[in-house]
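Presented below is the structure to which this report refers.
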Amino acid sequence: HDISLSLVSGDRVALIGANGAGKTTLLRVMAGIYQPIVGQVAIRGRISPMFDIGLGIDSDLSGYDNIQIRGRVLGLSDQEIEDRLPEIAEFTGLGDYLQMPVRIYSAGMLLRLTFAIATCFKPEILLMDEWIVAGDAQFIEKAQRRIDSFVNDASVLVLASHDLEICRRFCNKGLWLDRGQIVRYGDIGEVIKAYQTRTLEAPFEA
């Protein structure tokens, strides 16, 4: 409700708030999945939304086959996928597992595969939901380096997460939402401090 803001190149924005605050809904509006009932959303740049790690994944096919399928879902041409295949395979760290059916993959392995594919090109706008924190510490560090490279190349990151330390680590701005409205927007440290203070004073009740 009454959301009004502009994101520019170099912004890494954390969406902060309790369950039901509107974080995922706002991400989906930004991605064009939901259309706003009132107002407009103006997007200038290529978007890479990462909400569902299973999107475009066929569990009966191999990792390599799924790289082809998911690459097409992301709008890449066959040649673009072929050109990026070695780099994607290397980034996953899955080795011979890429020749095996995805159904035998653990959640962490599937995360590595889908993240590597979704970030095989440098999107101008990267939209991410909570699931990124499911990776192990080594993977999160690797993912952060890649995201940092996106931002250095004039990209925008919007990350929705309940993990405030992940928000602080990945982002330079915070957008605190409550019941679909903006409570505070600005420096990530200041927004987190205000959010934690409010939470301590009036704990969220489901």
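The values are calculated or read from the model by the stated rules, or taken from the named source; none is laboratory data. These figures come from a predicted structure and were not determined experimentally. Quick reminder, even Gly has a Cβ in these numbers, built from the backbone with ideal geometry, and neighbours come from all protein chains shown. With ligands, DNA and RNA removed, areas are computed over all heavy atoms of the protein, side chains included. Shrake-Rupley method; radii C 1.70, N 1.55, O 1.52, S 1.80 Å.
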All but one of (1) under 28 Å from Ser9 (Cα atoms); (2) in contact with a Gly (Cβ under 6 Å, 6 or more places away or on another chain) hold for Leu98, so report the exception by its number.
-> (1)
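Go through the stretch 122-133 and report how many residues are modelled with pLDDT under 75 and assigned to a loop (DSSP other than H, G, I, E, B).
From the stretch 122-133, those modelled with pLDDT under 75 are 122-123, 130-133; that's our starting set.
Applying the additional criterion that residues be assigned to a loop (DSSP other than H, G, I, E, B) yields 122-123.
Total meeting the criteria: 2.
For residues that are among the small types (Gly, Ala, Ser) and either touching a residue at least 24 places away in the same chain (Cβ under 8 Å) or not in a loop (DSSP other than H, G, I, E, B) (or both), scanning just the stretch 5-15, find the one that is most open to solvent (accessible area, probe 1.4 Å).
Our first condition is that a residue be among the small types (Gly, Ala, Ser); within the stretch 5-15, this holds for 6, 9-10, 14.
Now narrow it down to the ones that are either touching a residue at least 24 places away in the same chain (Cβ under 8 Å) or not in a loop (DSSP other than H, G, I, E, B) (or both): 9-10, 14.
On the way: Ser9: 80, Gly10: 22, Ala14: 0 Å².
Ranking the candidates gives Ser9 first.
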Matching residues, the stretch 74-93, being surrounded by 14 or more Cβ atoms within 10 Å (Cβ to Cβ) and either closer than 24 Å to Leu27 by Cβ or in contact with a Cys (Cβ under 6 Å, 6 or more places away or on another chain) (or both) | Leu74, Leu76, Arg84, Ile88, Phe91
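Just to be sure, is Ala18 of a type outside the set (Val, Ile, Thr), in contact with a His (Cβ under 9 Å, 6 or more places away or on another chain) and either part of a strand (DSSP E or B) or in contact (Cβ under 8 Å) with a residue 60 or more places away in the chain (or both)?
Numbers: of a type outside the set (Val, Ile, Thr): yes; in contact with a His (Cβ under 9 Å, 6 or more places away or on another chain): yes; either part of a strand (DSSP E or B) or in contact (Cβ under 8 Å) with a residue 60 or more places away in the chain (or both): yes.
When the stated conditions are applied, Ala18 passes them.
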Exactly one of (1) surrounded by 12 or more Cβ atoms within 10 Å (Cβ to Cβ); (2) in contact (Cβ under 8 Å) with a residue 12 or more places away in the chain; (3) of a type in the set (D, E, K, R); (4) over 27 Å from Glu165 (Cβ atoms) is unmet by Asp60. Its number?
-> (1)
Does any residue in the stretch 71-98 that is within 21 Å of Ile47 (Cβ to Cβ) come within less than 7 Å, Cβ to Cβ, of a residue that is of a type outside the set (D, E, K, R) and open to solvent by 60 Å² or more (accessible area, probe 1.4 Å) six or more places away or on a different chain, and which pairs are these?
-> Val73/Leu55
Could you identify the single residue in Val13, Val29, Val73 that is modelled with pLDDT under 90 and under 17 Å from the mean Cα position of the chain (by Cα)?
-> Val73
